[in-house]
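Values in this text are rule-based calculations from the coordinates and carry no lab data. What you see is a predicted model; the values in this text were computed from it and never measured. Glycine gets a Cβ as well: all are built from the backbone with ideal geometry, and neighbour counts include every protein chain shown.
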């Protein structure tokens with residue numbers, strides 16, 4: 001066979017591979033779209049079912065009441081041991097369920113009092129509650145509080161002393177012990193046969209009464225915080241027969257909830273779900289300044305102006321960001337301290353206690369640590385960068401205002417943060433999908449923030465119910481008919497964006513030229529100079545990514561993962577004639593008056 005013929009066949013083969021690759025991308029996109037539409041359809045069907053049958057209310061009403069044999073004792077323990085006057089919504093229902101040896105899953109927003117759902121039954125049943133929790137810092141908080149109430153509890157982890165471990169192991173196998181709550185990580189259960197053996201002995205003597213799994217959404221691969229060792233927990237129902245399992249989380253879509261029940265083997269578990277809305281929280285999204293110094297300066301001004309002398313949390317993406325932001329805030333005269341996993345335990349504990357006591361006004365923490373979850377008077381939570389999912393944002397922002405008093409949740413957002421997060425979550429099964437849902441929330445300033453949250457958590461919500469407790473409603477954009485929305489044709493700008501990517505790709509001799517999102521913005525701003533500014537270019541790229549005209553392509557280096565922007569599958573089937581339109585939201589006069597003089601207000605563009 002001649003070299004010419006071989007070359008021709010190789011070219012044809014390469015072309016076929018290219019076409020097959022494009023079809024695979026289209027199939028993948030169609031599958032994702034089908035999955036999204038199926039989820040929406042199921043959500044609507046569930047809403048119809050709830051409206052017609054009111055099944056969930058019937059279940060809740062059956063369990064959320066007095067009249068059980070232990071009801072009087074439960075109320076007595078609540079008041080005398082925990083010093084609380086009454087149960088919060090769904091706490092009593094969860095307690096009655098597990099005391100009746102029913103499996104249950106409780107979905108309560110951060111601050112709803114999930115911990116009492118397993119702490120009080122441990123005292124009520126005079127036995128052991130095993131609590132599986134992934135957050136060591138929060139476990140330590142709870143143990144300190146329990147011990148201050150005279151309740152014997154402990155945790156077993158890498159930091160537990162041999163003496164304490166021996167004491168705990170002896171206590172949990174003694175049916176007459178006063179020990180009540182044992183906290184372990186899922187990793188501890190998965191890797192310690194000795195731990196499982198002690199728990200089996202605890203069951204055999206009749207001491208193990210309840211297994212509680214905190215952050216239960218981590219069991220599901222569809223969840224936003226899936227942890228591999230949670231999959232080990234599927235043995236609990238089989239291994240500890242007769243012991244009720246209680247799952248707790250602040251956030252879970254119906255798909256995640258079904259997956260969790262299936263994985264844990266508790267398909268018949270009762271479900272108690274509280275509404276997502278917390279009326280005392282005000283949600284805001286702010287355009288993040290271009291430089292880090294400008295951003296920290298703006299945050300410092302906001303704290304001094306709006307939250308003088310009030311406690312708050314700032315969440316950052318990395319430990320390096322934590323340290324930099326805390327240092328910058330201190331230079332502005334704000335009592336701030338950083339907090340992350342790589343600190344020495346004594347320093348981390350010191351920062352935590354200083355903040356709890358009020359000596360430190362602001363804790364600057366990584367998202368892995370749920371700082372402030374047990375501090376009721378947090379008046380503000382600021383996200384220095386984009387969270388990786390709506391669930392994460394809802395949980396983290398929900399650590400504000402646990403006392404029921406007004407509190408503010410501020411999210412700083414811009415394009416560059418998307419690529420920082422995407423390179424970290426791209427290996428997760430639904431990492432990019434979850435991140436892009438968060439981007440849709442942040443980028444949309446024409447819809448009530450609570451409407452966006454309600455849509456995600458599959459609940460019905462009317463914008464008027466927000467009571468102007470979010471930036472879009474406050475500015476008049478969140479209500480239908482109160483803001484002027486016009487479609488703008490951005491086809492030419494989109495074509496220019498794609499040409500830049502293609503030119504960059506072809507600039508390398510081997511066709512391997514890649515372009516990052518930040519570089520693309522820079523080049524696009526230069527190309528469109530005079531007609532469009534940088535803010536417009538960023539918003540255009542965001543929307544082209546969300547709609548699939550562009551997509552991210554990840555490449556690994558020795559030290560990191562880099563996100564590049566490439567042409568997406570939707571552009572490959574775009575005919576070049578149909579208009580790509582974006583909705584132009586005309587900002588209200590009140591918003592323009594409130595705009596900071598240091599930050600130019602830009603028109604917000606979202607794809608129609």
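Numbers below:
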| quantity | calculated |
| --- | --- |
| Cα→Cβ-extended label distance, 7 Å offset, between residue 405 and residue 152, nm | 3.8 nm |
| Spatial extent of the range 150-269: Rg and Dmax, with the Cα atoms as the point set, Å | 14.8, 44 |
| Whether the range 348-425 is rounded, prolate or oblate, judged on the alpha carbon gyration tensor where a/c under 1.5 counts as rounded | prolate |
| FRET efficiency, residue 518 to residue 344 (Cβ-Cβ, R0 45 Å, nearest 0.05) | 0.80 |
| Backbone N within the range 119-138 under 13 Å of label point (7 Å from residue 205 Cα along the Cβ vector) | 127-128 |
| Within the range 127-144, backbone nitrogen closer than 19 Å to the virtual label 7 Å beyond the Cα of residue 70 toward Cβ | 127-132 |
| P(r), alpha carbons of the range 281-429 - 10 Å bins starting at zero, rounded % | 12, 45, 36, 7, 0 |
| Stretch gain in nm, segment residue 23-residue 416, where the contour uses 0.36 nm per residue and the Cα spacing is subtracted | 138.5 nm |
| Computed lengthening from residue 429 to residue 330, 0.36 nm per intervening residue step minus Cα-Cα distance | 31.7 nm |
| Computed FRET value (nearest 0.05) for residue 556 with residue 191, which takes r as the C-beta separation and R₀ as 22 Å | 0.20 |
| Whole-number percent relative contact order across the range 54-273, with pairs defined as alpha carbons under 8 Å at least 6 apart | 26 percent |
| Pair residue 167, residue 293: separation of 7 Å Cα→Cβ label points (nm) | 5.2 nm |
| Per-pair calculated FRET efficiency, R0 = 25 Å: residue 488 and residue 304 via Cβ, rounded to 0.05 | 0.05 |
| Shape box of the range 256-356 [Cα atoms, principal axes, largest first, Å] | 55, 35, 28 |
